[in-house]
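Asks: One structure coming up, written as structure tokens, with questions to follow.
What follows is calculated from the coordinates using simple rules that are stated; it is not laboratory data. Nothing here was measured: the structure is a model prediction, and the numbers come from that model. Virtual Cβ from ideal backbone geometry, glycine too; neighbours counted across all protein chains shown.
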Amino acid sequence: MAHNKHKNFITYSARGSDTTTSIKEAPLSVQNLWFEGSRIGASIIRVRSHKNRQGYSSGDTFHAYHKDRTSVYIPKATPKRNRQLSFKATVGLGKVNPTMQILEMPIVCDIQPCFRAVREADTGNRLVNAIFS
């Protein structure tokens, strides 16, 4: 059964939970977005309903790429200040979980701009890694 975080949003996770819906229950287009995010190493994709953001930001554990209403969060290979990602799945000490964890989006949205944002995040992440790694 689909779980709505808010009445206009839905949050997907790999297996589903009390607060999320399993990606297996999502429409095929949403599943494809999930797999595209996983392919580039993203852990979180967030699609907003109104506010547009542009550019790149970096926190302690993630590089974030913002394109219009879509934000793509890719884990850093080496988090700052020894901060570790703490997703529920056990992947081993010091290892980054390489797969998608969360996809949050409005129930009704145009998904094509999301795919463009994921492709741009992949390009941007490869560029950042080439320059700073």
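Asks: GLN112: net charge of surrounding residues, Cβ under 15 Å, Lys/Arg +1, Asp/Glu -1, itself excluded?
Replies: 0
Asks: Based only on other Cβ atoms within 10 Å, what is the fewest-to-most ordering of ASP18, ASP122?
Replies: Ascending Cβ contact count within 10 Å gives the list ASP18, ASP122.
Asks: In the neighborhood of HIS66, defined by Cβ-to-Cβ distances under 12 Å, what is the net charge if each Lys or Arg adds +1 and each Asp or Glu adds -1?
Replies: +4
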